[in-house]
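I have placed the structure first, in the form of structure tokens, so that the comments after it can refer back to it.
The values are calculated or read from the model by the stated rules, or taken from the named source; none is laboratory data. In this text the structure is predicted, and so the values were computed from the model without any measurement. For neighbour counting, all protein chains shown are included, and Cβ atoms are generated from backbone atoms with ideal geometry for every residue, glycine included.
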Amino acid sequence: MATLVQAVRLALHYGETYLGVTDIFGEDVGPPLGGVFTATQGLRTAWNSPLDERGILGMAMGIAYAGGRPVCEIQFCDYAFNTIDLMKIAGNQRWASGGNYDMPIVLMTPSGSGIRGSLYHSHSFESWASRLAGWKIVMPSNALDAYGLMLSAIADPNPVMVLLPKALLRVRGEQKIPGEPEDEEELKRMIDAPVGDRTGWQPRWPPVQEYFVPLGKAALVRTGHHATVVSYGRTLPLCVKAADELRESHGLMFDVLDLRSIFPYDWHAISQSVMKTGRILIVNEDTEVTNFGEHLLRRVIDHHYYDLLVRPRVLLGQHIPGIGLNQEYEKNSVPQLPQIREAMRALATEEA
Amino acid sequence: MAREIVQPEENGLAVLSDITSGEYSLPAERCLEIYRLMVRARAMEERMIKMSKSGEGYFWIGGPGEEAFNVPLGLQVKKGRGPDYDYLHLHYRNSGTLIAMGMPVIDGIRQMAMTWTDRHSRGRNFVGHYCVPEWNVVPVCSVIGVAWVKAPGTAHVQKRYGGDGITIVVGGDAGTAEGDFGSCMIWSTRPGNELPVLMIVMNNGYGISTPAATQHAELHIVDRGKPFGIPGEVVDGNDPIASWHAIERAMRYVRQERRPYMIEALVSRLYGHSSSSGAMRVKDERDCVAEFGQKLIEAGVLDEEGASAIRKAALDECEKALEQALKEPKPTADDVRRFTYASSFHDVVYPDDYTGLPNGD
């Protein structure tokens, strides 16, 4: 099975071949490197840019004004903070001009912890991003969703930010991407650039097919009646694992929702699940003060106050200035499996 | 009968003298065309200033004092839609450019009056924040400097497309302190990927209230282009004839060479930064409209009566435009969310436009 980062690469190949992508660019995005996480190796329209995040986003907007379909990369979301006013502008172009200009750009950027990234390769960005009205924000947690969300992001005529969970980029999917070869080693030979000299290397693209994951559609990845867990990105597979373990150990059954789209989010799926279970936990690793999960919590309280059996809750990253390199820092800064499992157990077993 | 132009008959053909300024000249008809447009642009701005004081509009910001450069710019733009034509990343003092390109005065007034019929922003944005997709005028943004980083994007598409369309980006002198100005130079001169960008700095000597001389040590802003190999020149932006030729040279270079060029236009700021500083007439700066009118009178192509008629026609046009704009529909509460999103087949929550927070419960 393809890894998540291979899925992104395959989606970009599909995008530049069939969906009109004209430019895939950013620092180290073109040859020879093809992206620090290899997301852009071998792509026909990939090119290297100056180390200038504002320039990268500005270039994308300019290309879009002139009818192009750009996908730009900011190498780590930790370096996107100096672009936030440009992000606001990208998000407001259509609204501010009364529909005169669309802004069909895709910005992809690795987000979150999990690669021992220290202060500036571990930030989360979705809470900041969720405040950028006019954008759509997605964050896949597996390879197939990464492929399908990338295709939707590319095809959508609005600015879409694809947050790629760093910790999961090398994780292989459990479901095949349509058109992906059976043998993962064969896929590697086809599309991974060789280590060392790459001057003569060309990818051999498998015949990948169209596969869209709709924006705004969550995935119910585990089903249960005891409680609801909502997550996305790095913490999603941890929630799934915790759900499986608690089913084994305590007989507790959880609805686990992979939100996939931060905005627009699938309120219907959250709402339906809360109506069923009366118990909800929201898990993500962004810092906890003014966290996107708090917005979801507010809506749960607004809409389902009288449906809740126990207090709704969140499990989020600590409100600290960064994530320290020593793993004691990291594992105690952002939610890990044991805390998630304990929070889920407590949620499901608290007396109503 | 007011005299607008002297047409000495010679063998039955009209022979019109050129108007000269220093080493440059322009045909008299062209000068009169420029003058009329300058007067109309000025009249529109002054009418808007009155609107800001009468309550018919709120905040005013604009370009009185930049007409002598902005009008010749607008007249020389290759006007149209798509990469074969020029893209304009303007700042909020470019009314003269839009008027010269053919924008009716009422289109500026409507924005000041915040009507739903405001074609630039549906009553959402400040005045002078133009957006005309059929002329490649991308949305003007209040944020200083951001146009510098967006301009290379349109130029990148134009370079790849071929043709002779260029990207024109305009900003003030204070905004060149933003890193985005450096970004524009870097992205426009990547070796092997040089871009057809005409960078224009309108140097009025101020950033709001702060004199440029107290913050900038560089002699000329165009000097900053030298390490990048960007040719540039400083022009008297109060002189429409000198400005016309500077723009013509710059455009010829950028169109043909497909590389950037920089113009620094020294201009006046005749009503201060904006209405926030009172929008009071400044007395000690040159007034390009008055100067050029006088020049045309002295050259004998216009007389006082003719100049007066041009001014009156412009004022009447503005009054009629305002009268009409004030009758037109305003945005309503139902319009708040409109135009947030373009329709998408791939969005299950907002397939058409934004409709408020996601729901479905």
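Observations
- Filtered by the rule that a residue be closer than 25 Å to residue B:201 by Cα and in a loop (DSSP other than H, G, I, E, B), the range B:91-120 gives B:91, B:92, B:93, B:94, B:102, B:103, B:120.
- Per this entry, residue B:129 is not counted among residues that are modelled with pLDDT of 95 or more, part of a loop (DSSP other than H, G, I, E, B), facing chain A (nearest Cβ under 10 Å) and surrounded by 24 or more Cβ atoms within 10 Å (Cβ to Cβ).
- Flag if residue A:194 is more than 30 Å from residue B:358 (Cβ to Cβ) and in contact with a Gly (Cβ under 6 Å, 6 or more places away or on another chain): no
- Selected residue (only one of B:157, B:132, B:146 is over 18 Å from the mean Cα position of the chain (by Cα), of a type outside the set (Gly, Ala, Ser) and within 17 Å of residue A:101 (Cβ to Cβ)): B:157
- Of note, residue A:122 does not satisfy the criterion of being more than 8 Å from every other protein chain (Cβ to nearest Cβ), surrounded by fewer than 24 Cβ atoms within 10 Å (Cβ to Cβ) and not charged (D, E, K, R).
- Yes/no for residue B:139 being in contact with a helix residue (DSSP H, G or I) (Cβ under 6 Å, 6 or more places away or on another chain), within 17 Å of residue B:87 (Cβ to Cβ), within 9 Å of chain A (Cβ to nearest Cβ) and free of Cβ contacts under 8 Å to residues at least 60 places away in the same chain: yes
- Here is the figure for the range A:278-292: residues that are buried (at least 22 other Cβ atoms within 10 Å of the Cβ) and without any contact (Cβ under 8 Å) to a residue 60 or more places away in the chain total 1.
- Taking the numbered list (1) within 28 Å of residue B:354 (Cβ to Cβ); (2) in a helix (DSSP H, G or I); (3) facing chain B (nearest Cβ under 10 Å) in turn, residue A:128 passes all entries but (3).
- Filter result for residue A:308 (closer than 22 Å to residue A:336 by Cβ and crowded, with 16+ Cβ neighbours inside 10 Å): no
- Residue within the range A:283-292 that is within 13 Å of chain B (Cβ to nearest Cβ) and under 15 Å from the mean Cα position of the chain (by Cα) present: yes
- Selected residue (criterion: farthest from residue A:333 (Cα to Cα)) from residues of the range A:288-316 that are part of a helix (DSSP H, G or I) and hydroxyl-bearing (Ser, Thr, Tyr): A:306
- The numbered conditions (1) assigned by TED's automatic domain parsing to the domain that holds residue A:293; (2) over 17 Å from the mean Cα position of the chain (by Cα) are all true for residue A:238 except (2).
- Looking only at residues of the range A:17-35 that are among the hydrophobic types (A, V, I, L, M, F, W, C) and touching a residue at least 60 places away in the same chain (Cβ under 8 Å), we find that the one that is farthest from residue A:80 (Cα to Cα) is A:19.
- Options B:93, B:110: the member that is away from chain A (no Cβ under 12 Å) and of a type in the set (D, E, K, R): B:93
Quick grid of which residues meet (1) crowded, with 22+ Cβ neighbours inside 10 Å; (2) more than 16 Å from the chain's Cα centre (by Cα); (3) not hydroxyl-bearing (Ser, Thr, Tyr):
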| position | (1), (2), (3) |
| --- | --- |
| B:32 | no, yes, yes |
| B:44 | yes, no, yes |
| B:58 | no, yes, no |
| B:82 | no, yes, yes |
| B:85 | no, yes, no |
| B:94 | yes, no, yes |
| B:108 | yes, no, yes |
| B:111 | yes, no, yes |
| B:120 | yes, no, yes |
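- Some residue of the range B:343-361 being aromatic (Phe, Trp, Tyr) and out of contact with any helix residue (DSSP H, G or I) (no Cβ under 9 Å at 6 or more places or on another chain): yes
- Filter result for residue A:153 (within 14 Å of another protein chain (Cβ to nearest Cβ) and among the small types (Gly, Ala, Ser)): yes
- Restricting attention to the range B:331-356, the residues that are part of a loop (DSSP other than H, G, I, E, B), more than 7 Å from every other protein chain (Cβ to nearest Cβ) and aliphatic (A, V, I, L, M) total 1.
- Candidates B:192, B:163: the one that is surrounded by fewer than 24 Cβ atoms within 10 Å (Cβ to Cβ), free of Cβ contacts under 8 Å to residues at least 40 places away in the same chain and within 13 Å of chain A (Cβ to nearest Cβ) is B:192.
- Single match in A:117, A:134, A:99 (criterion: in contact (Cβ under 8 Å) with a residue 12 or more places away in the chain, more than 16 Å from the chain's Cα centre (by Cα) and facing chain B (nearest Cβ under 8 Å)): A:134
- The numbered conditions (1) over 16 Å from the mean Cα position of the chain (by Cα); (2) closer than 20 Å to residue A:126 by Cα; (3) of a type in the set (D, E, K, R) are all true for residue A:258 except (1).
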